Amino acid sequence: MKPRIFGLENEYGLIFSPNGRIYLPIEKVLGYIFEGLIPNSWPSNAFLVNGARFYQDTGCHPEYSTPECDSIEDLVAHDKAGERLLEACLPAAEERLREEGLSGSIYIFKNNTDSLGNTYGCHENFLMRRDVDFWKVTEQLIPFFVTRQIFAGAGKVLKVSGKAQMFISQRAQHIHEKTSSSTTSSRSIINTRDEPHADAEKYRRLHIIVGDSNMSEVATYLKVGTAALVLSMIEDGYTVARMELDDPVKAIREIARDTTLKKKIKLEDGREMTAIEIQRVYLERAMEYLWSLDEDPVAAEVARQWESILNRLEDDPMQLCQELDWVIKKKVMQEYMDKKGCGLDDPRITMMDLQYHDVKRTRGLYYLLEKQEMAERMVSEDAVQRAMTNPPQTTRAKVRGDFIRFARAKNRSYTVDWTYLKLNGYWEETILCMDPFSSTNRRVEELLSQVSGQRAFR
């Protein structure tokens, strides 16, 4: 699998539950969370020492964007690091509220829907070569992304015609188009906004907004790993023939409603296939692609895991009750319903559905299951803890993270974005960092050496 930069953006649900009836604007709650990440400030957009971005998104959602990663395992660790950083902010934020006479609890949920039916996203970003036909790639990818939810869905209990039903994906019901430049008014499977965050002559960004936010590390690994593999094979000419869907938006919703995975989806040429069968077509093509390459242990492992997951989904999805979010959730809910003699419409099930996504490890249902070894991990907790304060060491994120750490240590004002750095009041120069694969920048090194009073090493 060719070298690739990828990242995840997760919007989080935020609730303040007061021990009284005093209303508090959620913006103020979010401000106290920001204070925990960026001392002595109250910004709505900030970059962190690990190279990530934390900001307030539409609807007053906290959003965490991972730093640029070129390793799937790094990305899983940095995605989890976002959860840990938000969790770590809770005690101080709740203490600030108590100082104002507002005792209560703050809840942060890594999910995609709220109780009012609104949705907030998990966006995936993949760097693409500019010379690749973007529209050809997107057409090839649509069937893959529509059906990928069978292993990447987070699960959700929704009411259909007044009856509660388990859905595979939270996001699927909020998708309206195949492609679009909008992320709110008309949500699409693939967003076409061209923001490469890199040298625009060489690269563009593939922006996927159809996916769910995953608690499961296995699901995150598969979600990103399979997408990166399929993208590479299509870029290299290993296309998938005759897989266009008759109605992708209808298909994504139909698949989401069928936890048996038996639903046949109509293709443009009149054939009908299940989501598993469509995924197998892409897997088989990916295998052919891998055979044409020199040995690639990373891509081979992604393909192996992908095949194993599909085999078990086809045999019995409940075999994956420790790996995939929607299956884990379904199993736990079913056991509870059997014990209590209730149905999916019980308010306690609704609470479990939400509690599964609570990022606070002492009360979040997913983390209680993980503690009991009922949810598998892909990365160590040590790796996650390192990712909270350390950027990936092989991408541009290292330059950004090291720069921010230095500026804070020197108590210097700075301006940072994905593609540039500036030490305010020192140099007028804004230093561009246009290569996301480069973990060094000579101009940044010179600046930091001058500020620290040391001669730049050459």
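Nothing in this text is a laboratory measurement; each read-out follows from the coordinates by a stated rule. Keep in mind that this is a model prediction, so the values were computed, not measured. Neighbour counts are summed over all protein chains in view; Cβ atoms, including those assigned to glycine, are modelled from backbone coordinates with ideal geometry.
Students often get this wrong, so check it: of K250/K339; K110/K266; K28/K110; K156/K339; K110/K398, which have C-alpha atoms separated by over 28 Å? Those over the limit are K250/K339; K110/K266.
Protection proxy ranking, highest mean first, for peptides 263-272, 124-133: 124-133, 263-272, where packing is the per-residue count of other beta-carbon atoms within 10 Å, averaged. For the chain, a crude dipole built from +1 on the beta carbon of Lys and Arg and -1 on the beta carbon of Asp and Glu, taken about the Cα centre, is about 920 debye to the nearest 20. If a/c stays under 1.5 just call it rounded; otherwise compare a/b with b/c (prolate if a/b is bigger, oblate if not). Do that for the chain, with a ≥ b ≥ c from the square roots of the Cα gyration tensor eigenvalues. Judged from the Cα gyration tensor, the chain comes out oblate (a/c at least 1.5, b/c at or above a/b).
If R0 equals 35 Å, the separation of the Cβ atoms of K371 and T415 corresponds to a calculated FRET efficiency of about 0.25. Have a look at I106, L222, S380 and report the one farthest towards the positive end of the charge dipole of region 6-385, computed about the Cα centre with Cβ charges (Lys/Arg +1, Asp/Glu -1). Highest projection toward the positive end goes to I106.
Label sites at E295 and Y55, each approximated as a point 7 angstrom past Cα along Cα to Cβ, lie 4.3 nm apart. Computed about its Cα centre, the charge dipole of region 393-451 is approximately 240 debye, with only Lys, Arg, Asp and Glu carrying charge at their Cβ.
Let's test this: bin the Cα-Cα distances of region 167-220 at 5 Å from zero up to the farthest pair and state each bin's percent. Taking all Cα pairs of region 167-220, the binned fractions are 4, 19, 21, 18, 17, 13, 5, 1, 0 percent. In the chain, taking the dipole from charged Cβ atoms about the Cα centre, the farthest positive-side position among S188, I278, L365 is held by L365. With the convex hull drawn around the C-alpha atoms of region 393-451, the volume per residue stands at 69 Å³. Using a Förster distance of 60 Å, how high is the FRET efficiency between D199 and M318, based on the Cβ-Cβ distance and rounded to 0.05? That pair, D199 with M318, gives E of 0.80. In debye, nearest 20, what is the charge dipole magnitude of region 1-89 about its Cα centre with +1 on Lys and Arg Cβ and -1 on Asp and Glu Cβ, if you could check? Approximately 200 debye in magnitude. The ellipsoid that matches the Cα gyration tensor of region 278-428 has semi-axes, each √(5λ) in whole angstrom, of 40, 28, 13, with the longest given first. What is region 347-411 by shape, rounded, prolate or oblate, if you read a ≥ b ≥ c off the alpha carbon gyration tensor as root eigenvalues and call it rounded for a/c under 1.5, prolate for a/b larger than b/c, and oblate otherwise? Prolate is the answer for region 347-411, as a/c is 1.5 or above and a/b outweighs b/c. Taking label positions 7 Å along the Cα-Cβ direction at both Q334 and K28, the computed distance is 4.6 nm, reported to one decimal. If I take all pairs of Cα atoms in region 102-222, what percentage of them are more than 21 Å from each other? The share of Cα pairs beyond 21 Å in region 102-222 comes to 46 percent.
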